[in-house]
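Heads up, the thing below is written out as structure tokens.
The values are calculated or read from the model by the stated rules, or taken from the named source; none is laboratory data. The shown structure was predicted, so the numbers you read here are calculated from the model rather than taken from an experiment. Every residue, glycine as well, gets a Cβ built from its backbone with ideal geometry; the counts of neighbours run over all protein chains shown.
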Amino acid sequence: MTDIALPGRSAGSAPAASAKALTKTYGTGDTQVHALRDVSVEFERGEFTAIMGPSGSGKSTLMHCLAGLDSATSGTVTIGDTELTNLTDKQMTGLRRDRIGFVFQSFNLVPTLTALENITLPLDIAGREPDQQWLDTVVDRLGLRDRLDHRPSELSGGQQQRVACARALAGRPDIVFGDEPTGNLDSRSSGEVLGILRAAADEFDQTVVIVTHDPRAASFADRVVFLADGAVIDHLANPTAETVLDRMKQLETV
Ligand SMILES: Nc1ncnc2c1ncn2[C@@H]1O[C@H](COP(=O)(O)OP(=O)(O)OP(=O)(O)O)[C@@H](O)[C@H]1O
Ligand SMILES: [Mg+2]
């Protein structure tokens, strides 16, 4: 296996990503929503974390702030040794392009491009050649080989979701965020997506953070971070589907 040297990839021991005292407030007065309240969390290199919590608890908001897609009201986000609040728009775009992969809750595929063109789009924009061997691995492991020439409208929801995963992984970014990346998948496809995310962490030292409502999906992770009402309320290490389900029940009764 040959590892490609990515620009700006730091070798230090700083966490791959972290949020410190992150607050995100929407609106003012009576209509104010506290989407995040003082969230501090760290993600180590090569670690696979699942974020869980009820609908509206702030999971997508946290992921968007961590990935530099949204800015917080207060607090800081750091990717490697780079603090995002210090970056210009252009630097932010470069960092997202070179170091971050994102699987959106709504896929965000480009309708006029084929599956393969969607997958390699971020690399094309960055002017980078795909690592063909890695690209083949991703395509095959996600079962997309015979769908590469199809446009998103010719793909099922699950296939579109897998294309979105392949796109996030293709450039082998330092950190991959997935907002319910298995939300539309049957258990076999879901296993394929989670398997490749697990491999990204284990074999390539990539940091993986996903949002999920599914205890089985969470069991692929090294730990689970539970959010409720915009705050981190619990952590669980080495989760199994059973321990996650137990913890979810406990948290519901609190
Ligand atoms: N642009 C916005 N304007 C106002 N409120 C918002 C906005 N975006 C999100 N919110 C609110 O912030 C809170 C957190 O939303 P978020 O999307 O992070 O939840 P979530 O945990 O991802 O939920 P789900 O599981 O349903 O995806 C919710 O109460 C939501 O209504
Ligand atoms: Mg969400």
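Taking segment 98-113 as the region of interest, how many residues are under 22 Å from Gly183 (Cα atoms) and surrounded by 19 or more Cβ atoms within 10 Å (Cβ to Cβ)?
So the count comes out to 7.
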Of everything in segment 121-131 that's in contact with a Gly (Cβ under 9 Å, 6 or more places away or on another chain) and in a loop (DSSP other than H, G, I, E, B), which residue is farthest from Val193 (Cα to Cα)?
Arg128
Is it the case that segment 165-183 has a residue that's away from ligand 2 (no atom under 16 Å from the Cβ) and among the polar types (S, T, N, Q)?
no
Here the residues within segment 33-47 that are away from ligand 2 (no atom under 11 Å from the Cβ), touching a residue at least 24 places away in the same chain (Cβ under 8 Å) and part of a strand (DSSP E or B) are His34, Leu36, Arg37, Asp38, Val39, Ser40, Val41, Glu42, Phe43
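Can you confirm whether segment 205-215 contains a residue that is surrounded by fewer than 22 Cβ atoms within 10 Å (Cβ to Cβ) and either among the small types (Gly, Ala, Ser) or away from ligand 1 (no atom under 16 Å from the Cβ) (or both)?
Taking every residue of segment 205-215 in turn, at least one turns out to be surrounded by fewer than 22 Cβ atoms within 10 Å (Cβ to Cβ) and either among the small types (Gly, Ala, Ser) or away from ligand 1 (no atom under 16 Å from the Cβ) (or both).
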Search result, residues across segment 14-72 that are of a type in the set (Val, Ile, Thr) and buried (at least 16 other Cβ atoms within 10 Å of the Cβ):
Thr23, Val39, Val41, Thr49, Ile51, Thr61
For segment 141-159, how many residues are modelled with pLDDT of 95 or more and assigned to a helix (DSSP H, G or I)?
6
If you check Ala228 against the conditions, is it at pLDDT 95 or above, among the small types (Gly, Ala, Ser) and surrounded by fewer than 23 Cβ atoms within 10 Å (Cβ to Cβ)?
yes
The conditions are (1) more than 12 Å from ligand 1 (Cβ to nearest atom); (2) in a loop (DSSP other than H, G, I, E, B); (3) under 19 Å from Ile210 (Cα atoms), and Ala19 fails exactly one of them. Which is it?
(2)
Of the conditions (1) surrounded by 16 or more Cβ atoms within 10 Å (Cβ to Cβ); (2) at pLDDT 95 or above; (3) in contact with a His (Cβ under 9 Å, 6 or more places away or on another chain); (4) more than 18 Å from Asp98 (Cα to Cα), Phe177 fails just one. Which one is it?
(4)
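Pick out the one residue from Leu109, Leu144, Leu113 that is under 25 Å from Met63 (Cα atoms), of a type outside the set (Asp, Glu) and under 23 Å from the mean Cα position of the chain (by Cα).
None of the other options fit; the residue is Leu109.
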Test for Asp222: is it farther than 26 Å from Thr25 by Cα and either within 16 Å of ligand 2 (Cβ to nearest atom) or in contact with an Asp or Glu (Cβ under 6 Å, 6 or more places away or on another chain) (or both):
yes
Exception for Ser13 within (1) more than 15 Å from ligand 1 (Cβ to nearest atom); (2) at pLDDT 95 or above; (3) more than 22 Å from Val103 (Cα to Cα) falls at (2)
If you check every pair at least six apart or on different chains, which have Cβ atoms under 6 Å apart with a residue in segment 131-152 that is within 12 Å of Glu117 (Cα to Cα) first and a residue that is at pLDDT 95 or above and loosely packed, with under 12 Cβ neighbours inside 10 Å second?
Pro152/Pro111
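The rows are residues; the columns are (1) surrounded by fewer than 21 Cβ atoms within 10 Å (Cβ to Cβ); (2) farther than 22 Å from Ala17 by Cβ; (3) in contact with a Gly (Cβ under 7 Å, 6 or more places away or on another chain).
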site	(1), (2), (3)
Gln133	yes, yes, no
Asp146	yes, yes, no
Ala168	no, no, yes
Thr182	no, no, no
Would you mention how many residues in segment 148-166 are surrounded by fewer than 22 Cβ atoms within 10 Å (Cβ to Cβ) and basic (Lys, Arg)?
1
